[in-house]
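Some notes on the structure that comes next.
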Amino acid sequence: MSEITWGLWEILLKGVWITVQLTVFSAALAAVVALVVGLARSHRLWIVRFISGAYFEIFRGTSALILMFWIFFVLPLGFGWQLVPLWAATLALGLTYGAYGSEVVRGAVQAVSPAQREAGIALSFTPAQQLRKIILPQAWPEMIPPFNNLLIELLKGTALVSIMGVADIAFGASLVRNATGQSAPVYTVILLMYFVLAFVLTRGMRVLERQAKAGLGQRPEKKSWWGGRKAEVPQQQRRDAVTATAGGER
Amino acid sequence: MQWNWSAVGDFMPMFWDGLLVTIQALVLGALLAFALGLVWAMAQRSGLAVVRWPVNVLTEFVRNTPLLVQLFFLYYVLPEWGITLSAMVTGVVGLGLHYSTYTAEVYRAGIDGVPAGQWEAAKALNLPRSRTWGAVILPQAIRRVVPALGNYVIAMLKDTPMLFVIGVLEMLGEARQFASQTFLTVEVFTLVGVAFIVISYPASLLMRALERRLVR
């Protein structure tokens, strides 16, 4: 029917800004949740481990969209807590992806060699000092690549807020579609927008990874042309792939 | 907060309908994702750059853009091009296509994990390409990646609620419909949320058990 006019582009660009804000805020919340829950999951008190484990299973087990519906519709009715849509969406995304992130933190912290922790004890560091000066600086570079994957998942997850009426890119697209009567141009444009955002995030995380690994005297591993993930193969599998011999199946 | 148990009872028939649709979409989507992913993974190992590159670009593009927008794209744009699919078929295709880009990576890792000696043995025995893949490489590769594939099926399950946006009446769609008629929002959304945990937690335990058994 008609072209995408300047006014309609403006709607889409405003949507990009909302999506970026939402990604940054939810990522910040998710990072805090991931760190706290991830560390709590290897705490020495069983009750702390149990509660953080339950949090992990519950928020990982349910769908981000269902959680969003719950926060948008059930919290106000059931408990009388009405949140601004942008913050409700941030909360839903942050809590969900924080749960995924906690597994990354837990794994990376456990991968630090026990001798490092023992050295910290021998030098009579307090537990907080051990964490801040010994464990986290070594675990951090290991966390960055999986965090990058989660960040992309989070970016993709932000599109869900359009269902709740938050004016992000996907929401803008439905307005533009109604205005122009054509779907192909606008949906192609916004898919490209999301792709560019994901590319920028991936590149940013690559820089971060390079710096973090350089701090430990390591070199970052090779990535695809895109700079993105190689598939998540469980550690055990990778070791298996290296040590397996022809016909070595037991 | 009031909790109305009779509302839960009234919702149950619709809930079971929704669950059935969710499971149908999940099973069909997963089968599509398994099949397409294998196609992508093998194409990415092709000796021809004209096959490798478009597949690489396509899979990265699909994997790094939101499923929700892809569903809208399929639902609104395909009819403009003269292809009309029902909501359910669109949903299954969207879900399957999106997750095929993840399973492709899983297969790729599995294929890379097959020792080089296996390829060489197949060559030494003068096996044709189809036998090399079908009888030597894939049986070893896929065995290793079954748990990883299973984890993506669980991830797919958690993305099925998105299908309600194109009008598929899965669990969330049914819940919305029921809530809009009766205003019993609290009960139905909580029930659907709990249902997801009840399904996905045992499923993830199963995958962990499979991982211990198969990946050895």
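Just so you know, all these numbers are worked out from the coordinates, no wet-lab data involved. Note that the structure is a prediction, hence the values are computed from the model and not measured. Backbone-built Cβ (ideal geometry, glycine too); neighbour counts: all protein chains shown.
Taking other C-beta atoms within 10 angstrom as a stand-in for reagent exposure, B:Trp81, A:Trp140 fall in the order B:Trp81, A:Trp140, fewest first. Once the Kirkwood radius over Cα pairs is known for the protein assembly as shown, the Stokes-Einstein relation at 20 °C and 1.002 mPa s delivers a diffusion coefficient of 89 µm²/s.
Once you sort the root eigenvalues of the Cα gyration tensor of the stretch B:86-171 as a ≥ b ≥ c, which label holds: rounded (a/c under 1.5), prolate (a/b larger than b/c) or oblate (the other case)?
Values: a/c = 4.58, a/b = 2.75, b/c = 1.67.
Prolate is the answer for the stretch B:86-171, as a/c is 1.5 or above and a/b outweighs b/c.
Can you give the FRET efficiency to the nearest 0.05 for A:Val48 and B:Lys123, using r as the Cβ-Cβ distance and R₀ = 56 Å? List each step's numbers first, then the result.
Values: r = 56 Å, r/R0 = 0.99.
Computed FRET efficiency for A:Val48 and B:Lys123 comes out at 0.50.
Annotation: the residues A:Asp168, B:Asp112, sorted from fewest to most other C-beta atoms within 10 Å of their own C-beta, follow the order B:Asp112, A:Asp168.
Shape class for the stretch B:15-73: oblate, because the ratio a/c of the largest to smallest gyration tensor axis (alpha-carbon atoms, square roots of eigenvalues) is 1.5 or more and b/c is at least a/b.
Taking every DSSP helix (H) stretch of at least 4 residues in chain A, weighting each as -39,500 (n - 2.57) and dividing the sum by the residue count yields a mean residue ellipticity at 222 nm of -23000 deg cm²/dmol. Remark: chain B is approximated by an ellipsoid whose semi-axes, taken from the C-alpha gyration tensor as √(5λ), come to 39, 22, 12 Å, largest first.
What is the diffusion coefficient of chain A in µm²/s, taking the Kirkwood radius over Cα pairs and the Stokes-Einstein relation at 20 °C with a viscosity of 1.002 mPa s? Don't jump to the answer; show the numbers that get you there.
Working: Rh = 20.6 Å.
Approximately 104 µm²/s, per Stokes-Einstein.
Shielding by partners for peptide B:67-74, expressed as the average number of C-beta atoms from other protein chains within 10 Å of each residue's C-beta, is 6.
Would you work out if the stretch B:120-216 is rounded, prolate or oblate? Take a ≥ b ≥ c from the square roots of the eigenvalues of the alpha-carbon gyration tensor; rounded if a/c is under 1.5, else prolate when a/b is larger than b/c, oblate otherwise. The shape class here is oblate.
Could you calculate the FRET efficiency of A:Phe195 with B:Trp5 from 1/(1 + (r/R0)^6), where r is the beta carbon distance between them and R0 is 51 Å, rounded to 0.05? The formula returns an efficiency of 0.60 here.
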